[in-house]
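Okay, structure first, notes after.
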Amino acid sequence: MSWILGITGERIDPEVISLVEKNIPQPLSRYHSPKFSIYAGGLKETCLTSSVKNNHQNWIVCGIGISPELDDRKHILSQKDWEEILSKPTLDLSSIEGHFTAILWNKDRITGRVDSRGVRDLYLLPWHNYLLFSTNLSWLSKICGNCRIDFARFGSKWLSYHQLSNESIINPIEKLGPGGVVEIKENRYKIHRPKEYFIPETKCDLASAIEVWSGFLFNQNYRVILLLSGGIDSRLLLSALLSKPRERWAVCVFGDYDRPDVKVALRIAKTLQLNHYHFGHEILDSQLCLKLMREFSTHNECCAPVLDAIRLNFYKSLYHPDWIVIDGGFGEILRRHFSHRLLLYHKFFSNPRQLIKSLYFTRADIFSDEITEEMEKGFFEDCINLSLFEKGKIDEAYLDLIAMKMCLPNRFGPEFVRLDGVVPTFSPFAQSTIFAAVLSTPLKLRRRENFPKDFIKRRVYVLSRFPLVKENEVYPFSLSSNKILLYSLAKIKRGLGSSFKDKTKIEILKGLEEFIRDTAKSRDTRNFAPYDFNKIERLITQFYNGKYQLADSLLWYLTFEFFRQECRFNY
């Protein structure tokens, strides 16, 4: 990831500086004064700094900033653009798109700002007589050495698809959140959070907005690389790209040939004679797998299983100074995935304890009963705070807004942050102007995937002849989301289930057996009170005795365990 870390106080002890520098990678930029030190690093294209360091105004921006226009003026912000924007006497970055964290400072004061969607964030930690701040949560926890996981706030993160609040999951670390601003003077700070989630005004309809977002990069002479899967979101972007000069873009497919997702994506690429790259799973030795997983866990915050560290390792091959990678991340906002689940349950249930089941996602049962109960209570509190169980008619636009506020930063944000240190990338669907166009589109056009499928058929009808893939199941393009659900239930009832078995996942876990068993038995792990060791030992034993359907649960245990080790929780 491209990153920022700073420490500030009345006067900073050299030994403290040494401790901080031991826990961060080699920076691209650093600034020292008697009262604070600021470091930044990662990929030079996603870590921009002020051209001249002085006492008047300096800045660092990590991430990718994109101008707010929905016309030919739209562009990726350069160092010169940021210099002009950040030099204004009155600063408002809410309309800037992309994803970024900005730090500005002079000799007396530091200000931190994050993008209005909170895709990138900033964490703050009072520590002794200092204040630490960083874009990386685990680094602050590691440096402090006395942090604890807040299982109430962690509850929805572990038990649901994503966290349902924008609070920090580690105490006493504080999270800035979408559109937040923090003012820092020595070891004191004050946070300002917007009263309302920023949605810009727009006269642009959704189809036109997507056209702009999929085409503006060609005005800046980038070569566009689209990550193509068997799903509908990347196919929508492909339908928009097909009108562009073929030499200016290509598609990338990743995964082994036997995966349904890969089969469909490669079939599309070959049938339409697209320039394309295909990356299968790399065959790595166990030590390298563990190294990649550990690094992944420091950025991902338990949002995705650590196997993705290996599955997504191909990204490094896509780096080129003139290339930008785009994908369909958060395209579900066009399909209203979050809203549909809740609305479906509201039709049949009125009890909040039943309604909350629509949001459950199974990871791994590895914690004690007391901790699990604490997580469930926190999960329920998050839902109550968002008014998800209000009786009466549901405001569907409000549910879409909740998805924007919670799903994007908490489910997709950490991966965008991690990739900022690998390759310049963004998702056209994770932008404020797209959100504005979505909310101004009549609900009847957004229900049951109507809009994405209509867009694809109008643009490039032949793309509707290829089936869609969802969770390794292949479906006819014409099926609605409700019919897909019935289709899946019918297959399960007939005892068919999914025909795809992920052998790579199982083989990787087999190769890590000694490490996993030793880790579970280690004193460090045994001293972590929130664990239920009987549950963990049973999970490990059953998997290695041949119950391979537990592979996902074992991976989620490993995901949390790496995160715990890297954060060095004190419990």
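In the chain the longest region clear of trypsin sites (Lys or Arg not before Pro) that are loop-assigned by DSSP and have at most 14 other C-beta atoms within 10 Å covers 204-390. Calculate log10 I(q)/I(0) of region 52-110 for q = 0.14, 0.15, 0.23 Å⁻¹, where I(q) comes from the Debye formula with a single equal point scatterer on each Cα and nothing for solvent. Values returned for q = 0.14, 0.15, 0.23 Å⁻¹ are -0.40, -0.46, -0.99. A simple spin-label model places pseudo-atoms 7 Å from Cα toward Cβ; at ILE506 and SER480 they are separated by 3.8 nm.
Taking all Cα pairs closer than 8 Å and separated by 6 or more residues, the relative contact order of the chain comes to 19 percent. Using Cβ point charges alone (K and R +1, D and E -1), the dipole size of the chain about the Cα centre works out to roughly 1440 debye.
Over region 343-477, the hull volume per residue, using the convex hull of the C-alpha atoms, is 187 Å³. Find the relative contact order for region 261-367 and round it to a whole percent, using C-alpha pairs within less than 8 Å whose residues are 6+ positions apart. Normalised by residue count, the contact order of region 261-367 is 15 percent. Here the dipole of region 1-95 is about 260 debye; that uses its Cα centre as origin and unit charges on the Cβ of Lys and Arg (positive) and Asp and Glu (negative).
Dipole size of region 363-430 about its Cα centre, with +1 on Lys/Arg Cβ and -1 on Asp/Glu Cβ: approximately 400 debye, rounded to the nearest 20. In the chain, helical runs assigned H by DSSP with n ≥ 4 each contribute -39500 (n - 2.57); averaged across all residues and rounded to the nearest 500, the mean residue ellipticity at 222 nm is -11000 deg cm²/dmol. Could you tell me which of rounded, prolate or oblate describes region 8-50, using a ≥ b ≥ c as the square roots of the eigenvalues of the alpha-carbon gyration tensor, with rounded for a/c under 1.5 and, failing that, prolate when a/b is larger than b/c and oblate otherwise? Oblate is the answer for region 8-50, as a/c is 1.5 or above yet b/c matches or exceeds a/b. Plainly put, region 1-135 has a radius of gyration that is 0.97 times its Kirkwood radius, both from alpha-carbon atoms, as the Rg/Rh ratio. Hey, how many Å between the Cα centroid of region 72-139 and the Cα centroid of region 325-372? Centre-to-centre distance over Cα atoms comes out at 31 Å.
Note on region 291-372: dipole from Cβ charges, positive end direction compared against ILE356, HIS320, PHE367; the farthest Cα belongs to ILE356. Residues HIS281, HIS320, arranged from fewest to most other Cβ atoms within 10 angstrom of their Cβ, appear as HIS320, HIS281.
If you plug the beta carbon distance of SER350 and ASN146 into 1/(1 + (r/R0)^6) with R0 = 56 Å, you get a FRET efficiency near 0.80. The calculated FRET efficiency for GLU537 paired with ASP258, based on their beta-carbon distance and R0 = 30 Å, is about 0.40. Note on SER95 and LYS107: the model spin-label points, each 7 Å out from Cα along the C-beta direction, lie 3.5 nm apart. Full extension of the segment from LEU272 to TYR461, taken as 0.36 nm per residue of separation minus the current Cα-Cα distance, would add 66.8 nm.
Taken as Cα centroids, region 443-483 and region 241-280 sit 18 Å apart, rounded to the nearest whole angstrom. The Cα atoms of region 294-421 give a gyration tensor whose axes a ≥ b ≥ c have a/c of 1.5 or more with a/b no greater than b/c, which makes the shape oblate. With both residues required to sit in the chain, DSSP beta bridges show an antiparallel share near 80%.
Just rank LEU125, LEU86, fewest to most, by other beta-carbon atoms within 10 angstrom. Don't skip to the answer; put the middle values down first.
Values: LEU125 23, LEU86 18.
With the sparsest Cβ surroundings first, the list reads LEU86, LEU125.
Placing pseudo-labels 7 Å out from each Cα toward the beta carbon at GLU514 and ASP71 gives an inter-label distance of 6.6 nm. With q set to 0.10, 0.18, 0.22 Å⁻¹, the log10 of I(q)/I(0) for region 207-324, from the Debye formula over equal scatterers at the Cα positions, is -0.36, -1.03, -1.25. When THR425, THR525 are sorted by how many other C-beta atoms sit within 10 angstrom of their C-beta, beginning with the fewest, the order is THR525, THR425. Once the Cα-Cα distance is subtracted from the 0.36 nm per residue extended length, the GLU10 to ASN545 segment shows a gain of 186.8 nm. What shape does the chain have by the C-alpha gyration tensor, where a ≥ b ≥ c are the square roots of the eigenvalues, rounded means a/c under 1.5, and otherwise prolate means a/b greater than b/c and oblate the rest? Since a/c stays below 1.5, the shape of the chain is classed as rounded.
Laboratory data are not the source of any read-out in this text; all were calculated from the coordinates shown. Fair warning: this is a prediction, and the values are worked out from it, not measured in the lab. Note that each Cβ is placed from the backbone with ideal geometry, even for glycine, and that neighbours are counted across all protein chains shown.
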